[in-house]
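Taken together, the values in this text are just the output of simple stated rules run on the coordinates, not laboratory data. Treat the numbers as computed from the prediction; the structure is a model and nothing was measured. So basically every Cβ, Gly included, is an ideal-geometry build from the backbone, and we count neighbours across all protein chains shown.
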Amino acid sequence: MLSVRFWGTRGSVTSPGKETVEFGGNTSCLELRADSKLVIIDFGTGIRALGGSLMANDLKNAPINADIFVTHTHWDHLIGFPLFAPFFIPTSELRIYGPVMPEGFNVRSALKLMTDYPFWPVRICEFAAKLTFIDIFETTIDLGSGLTVTSKMVNHPVITLGYRFEYQGKSIVVATDTEPFWNMFDDKSHPMYSAEADYEGRKGAEAENKKLTDFFRNADVLVYDSAYTEEEYKNGKLNWGHTSYESAIENAKISDVKNLVIYHHEPSRTDASLRDLAEKYSKDASGINIIMAKEGLVLTA
């Protein structure tokens, strides 16, 4: 059985308070299970509670052994890293995968910096667990026991990967911190405007967006960054690296996705506003099951 549990659903910054208790205020962290196989996506603040759960439940039966996939190195996806309790258990074996920047900066570099003096009292070299860091880009990895993961670059201001997990004919795709690829050469008022560059930019954006919908194709569950309404996106959020609800729904339709999970909620969204948005967009879903991600939610592919 392939399933995903949500431990952190917010984007950019934590959002604690009485108005966010239903959908949660922790930043990005997902727990994926393929029967006994454990996979974690991102080190947002939600990973602290996940670590507590693993210590209270999994560790009673066997040492904690997990593959951890980091989407990118922005703070909200890493900030919970030093609070993950299994790092301090000598029997834990954890493999950490993530993208590398063109200049060579990678996930290990970011996490080492976060835990160096004077930023944190325990340095990464003092963690008791066995940690293995693996740089990846666009690839497919056999994780064993019939579980595979395929990574795909998505559109964000820093190199970011989406992940497609497949197990026994079922699939869960995680595409957070992404927006549609767009043509940046179409401003005819710009003094350096070129019709040729405009054409190439449009065709290039179309090709990359098709690669993305192909990546989503027939997913049982698509966990998709949807931070804004289309109106908000067009009025000041372009090139911020996040998708509108309308665009996410359209891509899910194109890709024949079964369940679309709205994820990486904008930090100012209250529980009431997210309920209203869920109701609004579900009316136009055309057969796609739309779900607002909330902490504690478990979905089975």
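Worth pointing out:
- Scanning region 255-281 for residues that are surrounded by 15 or more Cβ atoms within 10 Å (Cβ to Cβ), part of a helix (DSSP H, G or I) and not aromatic (Phe, Trp, Tyr) yields a count of 4.
- Of the residues making up region 200-228, those that are more than 19 Å from the chain's Cα centre (by Cα) and closer than 24 Å to residue 287 by Cβ number 1.
- Residue match in region 7-25 (condition: touching a strand residue (DSSP E or B) at 6+ places or on another chain (Cβ under 6 Å), farther than 23 Å from residue 167 by Cα and among the basic types (Lys, Arg)): yes
- A single member of 96, 40 is within 25 Å of residue 15 (Cα to Cα) and out of contact with any Pro (no Cβ under 9 Å at 6 or more places or on another chain), and it is 40.
- Yes/no for residue 199 being of a type in the set (Ser, Thr, Tyr) and either out of contact with any Leu (no Cβ under 7 Å at 6 or more places or on another chain) or in a loop (DSSP other than H, G, I, E, B) (or both): yes
- The listed residues are 103, 126, and the only one of them that is without any contact (Cβ under 8 Å) to a residue 12 or more places away in the chain and under 21 Å from residue 64 (Cα atoms) turns out to be 126.
- Residues satisfying the stated conditions in region 156-179, i.e. crowded, with 20+ Cβ neighbours inside 10 Å and more than 12 Å from the chain's Cα centre (by Cα): 165, 166, 167, 171, 179
- Any chance residue 211 is touching an Asp or Glu at 6+ places or on another chain (Cβ under 8 Å), touching a residue at least 12 places away in the same chain (Cβ under 8 Å) and not in a loop (DSSP other than H, G, I, E, B): no
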